[in-house]
Each structure stands twice: as C-alpha cells, then as structure tokens.
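Here the structure is laid out as structure tokens; the discussion comes afterwards.
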Amino acid sequence: MVAMVDELLRYRAEFPILERTTYLISNSLGAMPRGVYDAMKGYADTWAARGIRAWEERWWMLAAEVGDEIGGLMNAARGSVSTHQNVTTCQAVVASCFDFSGERNKVVYSDLNFPSVMYFWEAQRARGARVHMVKTDDGITVPTERLLDAIDETTLLVPVSHVIFRSAYINDARAIIEKAHRVGAHVVLDTFQSLGTLPVDVTALNVDFACGGVLKWLCGGPGVGYLYVRPDLGKKLEPKFTGWFAHQNPFGFEVGPTRYANSPFRFMNGTSHIPALEAARPGVRIIAEVGVPRIREKSKKQTARLIQLADLHGWRVNTPRDPEKRGGTVSIDMPDSEEVCRELLKREILVDWRPKAGVRMSPHFYNTDEELEIAIAAVEEILKERALASR
Ligand SMILES: Cc1ncc(COP(=O)(O)O)c(C=O)c1O
C-alpha cells in the first residue's frame, strides 16, 4: 500500500521553531518563517544605506503593497486593504466614519467577540452608540437567529468575529451580512481567526469591512492589522481618525479640511509601521503559496483527530463537532486544564489556555499528525502524575 504523503510538511523547514517544539499555537502566534531574518536584515540595510531616500524608494508604498498581498488571500480588489497596527485600531478607523448622534446608532454584536473589540465598542456609548450585545447560550456558538433579530432599522454597525477565538465556531457571516444590508446596516467582519485557515472571500460575501491581523494564521508577526473596505464605500467614507497619510497631497502640508486620498491610504493616518510590514511579508507569501484550500482540508482532518482523542479520554470539547462550523482550533477542557497547560509549556508543547475554553490546540499546515498524538499523550501523562501526587 502506498503511504499518503503530506505535501505540506515540506514547509516545515521554513519554520525554525518546529525543530525544537511541538508548535500547536498558531491561533495565537504563528511560527516565524526563516525568511523574516532576511526581511529584517533588508530593513536595516535599507535604512543604513539609503537613509531618508528609503521612504521614496520603498517605505511609503509598503503599507499599500502589503495590504494588497493580504487582500489577495481574501479576494479583495487591489487598493481596498489598508494596514494598521492592530484590529482595535481598525475598529476605531471604521467607527470614525460614522455619526452616532442620529436615530441609526445601534451597534449589534455577540458576547463571543474578541474582548478588545467589545471594549472598544462599549466605550463608544459615550459617543452616542447604543450597544446591543447578544449572549451565547452554550459558550461555544453564537445564536444566529437572535443576532439577526437584533439587527434592525436603527442598526448602524455589526462588528462580529468570523471565527470565535474561544471555541473556533464559524459565524454565519453570509446570513449576518444579508440581514444587515436588508435594513441598511454595515458589517465589520473580524477575520483574525479565519483568514489563513479557512477560505474567506470578501467580494463574494459583499461584506462592508473586514479586519484582522497577520500574527496568527498568517505567520506574519505582531504589529500589522489589515482593514478591507468595500471599494464603493472606500470612495465615499471620510474617517475622522485620520492624518497626513490619508491626504491627497501629504507633502503639500496644506492646512484646512483634508482632501482625502483614494483607498487604501484614505483609511490610514500617521507614519506606517515599516519594520512590522517587512516582517509580515514572508509569512503572508508562504500562506499564498501553500493555498488556503489545502490548509483548510488538512485542518479539518487534524482538528477532527484532536476531538476524537479528547473524546477517548472523556475530556470536554468546547469546539463545534461539525467540521463545517469549526475553524482551526480545538478547545479541550480536561481536569485542571490551566495547570495542564503550564506543564505542557514546560515540555516544549506550545499551546495556550483561556477561561471558559480550556487548552486551545491549533494545528497549522506545518504540523505533523504525530505531533497531535504527542500533545495528547503528554496531557495523559501530566494528569496521571497529578493523580499520583495527590494521593
Ligand atoms: C478574533 C480576534 N480579534 C482581535 C484580536 C486581537 O485584537 P488586536 O489586534 O486589537 O490586539 C484577536 C486576538 O488576539 C482575535 O482572536
């Protein structure tokens, strides 16, 4: 019999940390591609040798170029993706395009959104936003019908995660966007936990805004968030959180009202984060080369195996069992899960722990099937040792 060859494993050599650890934490920080060493050296060399000329020769356009590369992963039109420091900043840019003083000032989201995003919108109450938070029943899934019912004629914005960080539940983005558009509201889809591990097509979804960061599934490191704005909206919106990068004539240093540049610079503000943009590129390029459909296919198999192993041990799984509703993470709440996580880290098995989730394990395209068995066997051993010690 011919053994199945996992084509994607040839990329392991690109990620130094895989030689030393069992790396199952790409939902939090993707492994660093070897190419980042060269990217950082290139950055330093450019700064050292070209000095101020680097802006004109490379740096000024970098934010837009990296935006286009990220956009290529989600079928975004060229020029529709701006880059920022993080997702919270992206929310601020979007919020600054709207006015909360009128009748249409409701902001609807699920309480399973990433907390930083919720903290931002909570704070917008002071600016007139009426926040409506839809509660989860089981801590895993978003009650779609209730969320859709909450989106009404007074709703301005619906900022929701595509994939829930705690449980990896895949929100019904299509239904949410359709309902929002039917009543004249805009959706801000947070694709941080989806882009790079499951197919995202912002054009087919007809979503108004999409945002995320590159440090998890895109292996791009901290410091780069991206914001997609639907091209027709990108022509007319005027962010109030703005600055000279958004000006049509930044080097004119004009005073008075801003004459907005075209997208994507229109949605930027101050000087861009050049080192982080340089570091982001190798990871984004590898993901583009590997291709999200292949990543998704492997992810479905590996997450299914993790669930099967957790079931065999009778541990609680806080992740949907239906692969079509599940992203790239499996949250396993075994007994003493927080302590178990600490022990796993000591054994070079890199995972994390979150309240109401348990230990989150997130295999990516570079993980072997054997690594899943290693992680689960280690949990078993840790639990046995703890049971013996408590006798
Ligand atoms: C869905 C989601 N949104 C946002 C964030 C982070 O937001 P920020 O980029 O503002 O730190 C995370 C995780 O870090 C996340 O999982």
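What follows draws every value from the coordinates through simple rules; no lab data is involved. Values in this document were obtained by computation on a predicted structure and should not be read as measured data. Cβ placement follows ideal geometry from the backbone for every residue including glycine, while neighbour counts extend to all protein chains displayed.
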To the nearest 0.05, what FRET efficiency results for GLU65 and ASN262 with a Förster distance of 22 Å applied to their C-beta separation?
0.90
In whole angstrom, note down how far apart the Cα centers of segment 9-50 and segment 166-222 are.
26
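For segment 113-180, which chymotrypsin sites (Phe, Trp or Tyr not before Pro) are both in a DSSP coil and crowded by at most 16 other Cβ atoms within 10 Å? Don't skip to the answer; put the middle values down first.
Working: sites: TYR119, PHE120, TRP121, PHE165, TYR169; in loops: PHE165.
Passing sites in segment 113-180 do not exist.
Quick check on the chain: helices-only [θ] at 222 nm, where DSSP H runs of length 4 and up contribute -39,500 (n - 2.57) each and the sum goes over total residues. Nearest 500, please. Could you put the intermediate results ahead of the total?
Details: 12 runs with 144 residues, N = 391.
Here the helix-only value at 222 nm equals -11500 deg cm²/dmol.
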Sort ARG285, ARG127 so that the residue with the fewest other Cβ atoms within 10 Å of its own Cβ comes first and the one with the most comes last.
ARG127, ARG285
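Determine the sum of side-chain charges near GLY128: Lys and Arg each +1, Asp and Glu each -1, restricted to other residues whose C-beta is under 15 angstrom from that of GLY128. Kindly include the intermediate steps, with their values, before the conclusion.
Working: positive: ARG104, LYS106, ARG125, ARG127, ARG130, LYS240; negative: ASP99, GLU103, GLU122.
Its environment carries a net charge of +3.
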Could you name the aspartates and glutamates whose alpha carbon sits less than 16 Å from that of LYS301, not counting residues in the same chain fewer than 8 places away?
ASP6, GLU7, ASP311, ASP322, GLU324, ASP369, GLU370, GLU371, GLU373
Report the extension gain between ASP311 and SER28 in nm, rounded to one decimal, defined as 0.36 nm multiplied by the number of residues separating them, less their alpha carbon distance.
99.5 nm
With Cα coordinates, the longest principal axis of the chain makes an angle with the long axis of helix 60-72, in degrees rounded to 10, of 50
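Which links in LYS298/LYS384; LYS106/LYS240; LYS216/LYS236; LYS135/LYS179; LYS41/LYS298; LYS179/LYS356 stretch past 24 Å when you go from one Cα to the other?
Result: LYS298/LYS384; LYS216/LYS236; LYS41/LYS298; LYS179/LYS356 exceed 24 Å.
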Along segment 192-203, what does the Karplus equation 6.51 cos²θ - 1.76 cosθ + 1.60 (θ = phi - 60°) give for ³J(HN,Hα), rounded to whole Hz, x for Gly and Pro?
4, 8, 10, 4, x, 10, 9, x, 10, 10, 5, 6
Can you find, among THR89, THR258, ALA77, the residue sitting farthest towards the positive end of the charge dipole of the chain, where Lys and Arg contribute +1 and Asp and Glu -1 at Cβ?
THR258
What is the dipole size for segment 268-347, taken about its Cα centre, with +1 at each Lys and Arg Cβ and -1 at each Asp and Glu Cβ, in debye to the nearest 20?
360
Phi angles of segment 108-115, converted by Karplus (6.51 cos²θ - 1.76 cosθ + 1.60, θ = phi - 60°) into ³J(HN,Hα) in whole Hz with x for Gly and Pro, give 10, 7, 9, 6, 9, 4, 5, x
Once amide H atoms are placed 1.01 Å from N in the peptide plane, what residues at a sequence separation of 5 or more from VAL134, or on another chain, have their amide H within under 5 Å of its amide H?
TYR109, SER110, ASP111
Give the long-range amide H neighbours of VAL187: residues separated by 5 or more places, or on another chain, with amide H under 5 Å away, using H modelled in the peptide plane at 1.01 Å from N.
VAL158, ASP208, PHE209
Give me the dipole magnitude in Debye, nearest 20, for segment 169-301 about the Cα centre, with unit charges on the beta carbon: positive for Lys and Arg, negative for Asp and Glu.
300
Under the rule of at least 5 residues apart or a separate chain, name every residue whose amide H is placed under 5 Å from the amide H of TYR169.
ILE164, GLY327
Top positive-direction residue, dipole computed over the chain with Cβ charges, set THR368, HIS247, ASN27
HIS247
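Size of the dipole of segment 1-98 about the Cα centre, Lys and Arg at +1 and Asp and Glu at -1 on the beta carbon, nothing else charged, in debye to 20?
On the way: 9 positive and 11 negative charges, 36 e Å.
I would put it at about 180 debye.
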Describe numerically, in nm with one decimal, the distance between label points set 7 Å from Cα along Cα→Cβ at ASP38 and at PHE251.
3.1
Compute the FRET efficiency between ALA126 and MET4 as 1/(1 + (r/R0)^6), taking r as their Cβ-Cβ distance and R0 = 41 Å, and round to the nearest 0.05.
0.15
In a shell of Cβ-Cβ distance under 10 Å around HIS247, excluding HIS247 itself, what net charge do Lys and Arg (+1) and Asp and Glu (-1) give?
+1
